[in-house]
Amino acid sequence: MAPGNRVLVLAEVMGGVIIPHSHEMFAAGMAIAEGLQVPLVLGLVGTDQDEALANIGTLDGSIETVTAVVDEGEMLPYEAWVDATSELVRSVDPHIVLASGTSFGNDYAPRMAARLGLPMASWVTSVTVDDQGLVVTRDVLGGRAETAIRCNSGTPFVISLEPGTIDPSPIGDIAAISLSDVFAELAPTSPGSQSTAHRKRLMGADRIVSGGRGMRSEEGVALIEELADVLDAAVGSSGAAVLMGLSPHETQVGSSGEVVRPKLYLAVGLSGTPQHTFGMRESQFIVAINKDPNAPIFQLADFGIVGDLFEIVPALIEALKKPA
Amino acid sequence: MKIAVLVKQVVDVGSVRIESATGEPKIGGSPVMNTSDAHAVSEAIDLRETTSGEVVSLSVGPRSAREELIEALATGVDSAIHVVCEELERSDSLSTARAIAEAVREEGFDVLFSGQKADDFGTGQVNLQLAEMLGIRHLSNVTTIMAHADSIHVTRDADGFPEEFDVQTPVLLILAPRDDAPKRHSSLRGMMQAKRKPVREVEPTVPMNSALTWTEPMAQRVSADRVLLEGEPVDEAAAKLASWLREHRLVR
Ligand SMILES: Cc1cc2nc3c(=O)[nH]c(=O)nc-3n(C[C@H](O)[C@H](O)[C@H](O)COP(=O)(O)OP(=O)(O)OC[C@H]3O[C@@H](n4cnc5c(N)ncnc54)[C@H](O)[C@@H]3O)c2cc1C
C-alpha cells in the first residue's frame with residue numbers, strides 16, 4: 001500500500017485501558033477508511049499497550065495496529081503526547097488522522113497538527129465520504145448553525161471529534177464502554193433520585209417532559225415534575241441537569257443516557273446540544289420551551305415557546321388542567 | 001514582565017437570528033470582542049498590576065478589528081499589535097497562528113493570555129498552535145492566577161479536579177470558560193487615554209490561506225408547519241400550546 005493513503009486513529013490507552021472516547025474515534029475511523037477504501041491503522045498511544053493488545057484479541061485482518069509509548073519524564077503530559085503522536089503520524093504517513101476530542105485531546109492535538117504543519121478540523125460531529133472525498137461537519141456560532149468542511153485533495157488532515165456525538169464501536173474483543181456508565185459515575189448522587197421510584201419509566205414512555213440547566217434549582221425541578229404529572233409523562237433530563245445534581249442520571253436523555261422515541265418530547269430549559277439531541281431527535285412531536293430564541297432545540301421543534309420557563313410552565317399546567 | 005493578550009473580533013453571536021425557512025443565520029448587531037478574550041484582557045491587566053511591566057494586545061483581523069484593540073486599550077492595556085488581514089474568514093488556524101507568531105516572535109513575551117475558543121467558529125486551535133510555533137508551554141482551563149516574585153502560581157481545572165502549578169515563563173495561559181462578566185471594562189477616561197496609546201499595524205508575513213474549505217454556516221431548516229411563539233403574553237402562549245397538544249392527541 002502506498003503511504004499517505006491510510007486512516008490513523010490515535011486511540012488513548014491509559015494503564016492498558018482504551019478510554020471510551022477512543023471507541024467513538026475508532027467508529028469514525030472505520031467509516032472513513034471504508035468510504036475512502038483505504039486501510040485503517042489503529043494507533044495505541046499511552047502506556048501498557050500490551051495489555052490493551054491482549055484484550056483486543058483479534059481485529060479485522062485489514063486493520064493494522066501500531067503503538068507509541070508515552071514517556072512523560074519531566075514533561076507535562078500533553079507535551080509528551082505531542083512528541084509521541086507527531087512521531088507516530090510521521091512514521092505511518094496517513095491521509096487522515098483522528099485525534100482525541102476530550103479535554104486532554106484538546107491540549108495536545110492542535111499542537112501536534114501545528115508541529116506537523118497539517119490542517120485540522122476540531123469538534124467534528126459527523127463524518128461522511130462522498131465522491132469527492134471526506135466531508136466533516138461541526139457546529140459554529142455557539143451551536144446555532146453548522147458548517148461542512150472538506151480538505152484539498154492530497155493534503156493530509158487531522159480531525160478531532162466532539163465527544164458523545166458518534167456511536168462508539170467495539171475494538172476487537174473490547175466492547176464499547178457505555179458512556180452512560182461513565183456519566184453515572186460523574187453524577188453526584190442527588191436527593192431527586194429517591195423520588196423517582198414512583199415515576200414513570202423513561203424507556204417506552206409515550207410522553208416525556210425533560211428539564212435542563214434552565215431549571216436552576218429544586219423549584220424548577222418541581223415545576224417540571226408537576227407538568228409531567230399533568231401530562232402523565234415520564235421525566236427526562238439533560239446532562240447538565242444531572243451534573244448539577246438536579247436530576248438523577250437514570251433520567252438523562254442523550255448519548256450517555258437513554259435514546260428515546262416518544263410520541264411527545266417536551267424539552268424545557270435545555271439548549272439541545274448534539275449529545276442531547278442524539279437521544280431524542282427521533283421523537284414524533286417535539287415541543288421546546290426556552291428563553292433563548294436561538295437555542296438549537298427550536299430547530300427540531302414542532303412547537304416552540306420563547307420565554308421564561310418559570311412563567312410558561314405554571315401557565316401551561318393551568319391551561320392543561322382546564323377542561324378543553 | 002512583558003504580557004500579551006490575544007483578542008479576536010467576532011460577530012455578536014447573541015444577535016444571530018436563524019431564518020426558519022432557509023436555515024440561514026442572519027447577523028444582527030455589530031462585531032464585538034470575543035467573550036472569553038474580554039476575560040483574558042482583564043486577567044492580563046491584573047497580572048501587570050501585581051508584577052509591573054506592560055500588556056500588549058494582539059489581533060489578526062480586518063481593519064475593523066482595530067475597534068476591539070481600542071476597547072482593550074481603553075480597558076487598561078498599554079499598546080496593541082494589529083496583523084491586518086481582510087481574509088481571516090478564509091484562513092485556517094495554522095495560517096492565523098503563523099501570522100501572529102511571525103509578528104511577535106521578536107517581542108519576547110513572558111506571559112500570553114487567551115480565551116479557550118472564539119464565539120464564532122471556535123476551533124480552539126489558534127492559541128495552542130501559536131504556543132507550539134513560539135516553542136512555549138501552555139496551560140489550559142486556567143481558573144486562578146497568583147503572581148510571585150519569580151514565578152506565577154496557576155490553578156487549572158482538569159475535568160473537575162483542580163491542578164496547581166508554579167509555572168516558569170514564557171507561558172501561554174488559556175482561561176477556563178466562565179459565565180460572569182469580566183472584572184474590568186473600558187471607561188470614558190480609558191477611551192480618552194486609548195487615543196494616545198500606540199497601535200502598530202503590520203501586514204502578515206506568511207500567506208493567509210487554507211487547505212480546508214468550509215461551507216457558509218447553516219442551521220437545520222425547520223419544518224414548514226412549526227409553530228414558534230415569541231413575545232406573546234404568557235397565558236395566551238400557554239393556552240395555544242395546550243390546544244395544540246390536544247389537537248395532536250398528545251394529552252391523556
Ligand atoms: C461525552 C459526553 C457525553 C454527554 N452526554 C450527554 C447526554 O447524554 N445528554 C445530555 O443532555 N448531555 C450530555 N452531555 C452534556 C452536553 O454536552 C451538554 O453539556 C448538556 O446537554 C447541556 O445541557 P442543557 O441543555 O441543560 O444546558 P445548556 O446547554 O446550558 O442549556 C440551558 C438552556 O436553558 C435555557 N434557559 C435557562 N434559563 C431558562 C429559563 N428560566 N427559562 C427557559 N429557558 C431557560 C437557556 O437558554 C439554555 O438554552 C455530554 C457531554 C459529553 C462531553
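Numerical summary
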{"item": "Among (1) of a type in the set (Val, Ile, Thr); (2) open to solvent by less than 10 Å² (accessible area, probe 1.4 Å); (3) under 23 Å from residue A:165 (Cα atoms) - the single one residue A:305 does not satisfy", "result": "(3)"}
{"item": "Test result for residue A:129, outside any loop (DSSP other than H, G, I, E, B), closer than 26 Å to residue A:12 by Cα and more than 11 Å from chain B (Cβ to nearest Cβ)", "result": "yes"}
{"item": "Index of the failed condition, residue A:54 passing every other in (1) free of Cβ contacts under 8 Å to residues at least 24 places away in the same chain; (2) part of a strand (DSSP E or B)", "result": "(2)"}
{"item": "Check on residue B:4, under 18 Å from residue B:122 (Cβ atoms), in contact with a Phe, Trp or Tyr (Cβ under 7 Å, 6 or more places away or on another chain), away from chain A (no Cβ under 14 Å) and surrounded by 20 or more Cβ atoms within 10 Å (Cβ to Cβ)", "result": "no"}
{"item": "Among (1) open to solvent by 20 Å² or more (accessible area, probe 1.4 Å); (2) more than 10 Å from the ligand (Cβ to nearest atom), the one test that residue A:249 misses", "result": "(2)"}
{"item": "Segment B:198-225: number of residues that are over 22 Å from residue B:89 (Cα atoms) and buried (at least 18 other Cβ atoms within 10 Å of the Cβ)", "result": "1"}
{"item": "Qualifying positions in segment A:174-188 - touching a residue at least 60 places away in the same chain (Cβ under 8 Å) and touching a Leu at 6+ places or on another chain (Cβ under 9 Å)", "result": "A:183, A:187"}
{"item": "Counted residues, segment A:279-295 - those being in a loop (DSSP other than H, G, I, E, B) and either open to solvent by 40 Å² or more (accessible area, probe 1.4 Å) or at pLDDT below 95 (or both)", "result": "8"}
{"item": "Identity of the residue in segment B:172-197, basic (Lys, Arg) and open to solvent by 80 Å² or more (accessible area, probe 1.4 Å), that ends up nearest to the other protein chains (Cβ to nearest Cβ)", "result": "B:178"}
{"item": "Residue satisfying all of: in segment A:97-116; aliphatic (A, V, I, L, M) and not in a strand (DSSP E or B); nearest to the other protein chains (Cβ to nearest Cβ) among these", "result": "A:114"}
{"item": "Filter pass, residue B:24 being open to solvent by 40 Å² or more (accessible area, probe 1.4 Å) and within 14 Å of another protein chain (Cβ to nearest Cβ)", "result": "yes"}
{"item": "Residue count, segment B:206-244 (criterion: under 30 Å from the mean Cα position of the chain (by Cα) and either more than 7 Å from chain A (Cβ to nearest Cβ) or assigned to a loop (DSSP other than H, G, I, E, B) (or both))", "result": "13"}
{"item": "Segment A:296-324: number of residues that are part of a helix (DSSP H, G or I), β-branched (Val, Ile, Thr) and at the interface with another protein chain (Cβ under 7 Å from one of its Cβ atoms)", "result": "1"}
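Listed here are the residues, each with its yes/no results for (1) within 9 Å of the ligand (Cβ to nearest atom); (2) within 14 Å of chain B (Cβ to nearest Cβ); (3) basic (Lys, Arg); (4) assigned to a helix (DSSP H, G or I).
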{"position": "A:222", "(1), (2), (3), (4)": "no, no, no, yes"}
{"position": "A:226", "(1), (2), (3), (4)": "no, yes, no, yes"}
{"position": "A:235", "(1), (2), (3), (4)": "no, no, no, no"}
{"position": "A:241", "(1), (2), (3), (4)": "yes, no, no, yes"}
{"position": "A:255", "(1), (2), (3), (4)": "yes, no, no, no"}
{"position": "A:262", "(1), (2), (3), (4)": "no, yes, no, no"}
{"position": "A:265", "(1), (2), (3), (4)": "no, yes, no, no"}
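The values are calculated or read from the model by the stated rules, or taken from the named source; none is laboratory data. Worth saying up front: this structure is predicted, and the values here are computed from it rather than measured. Counting neighbours? That spans all protein chains shown, and the Cβs are built from the backbone with ideal geometry, glycine included. These accessible areas exclude ligands, DNA and RNA; they are computed on the full protein's heavy atoms, side chains included. Shrake-Rupley method; radii C 1.70, N 1.55, O 1.52, S 1.80 Å.
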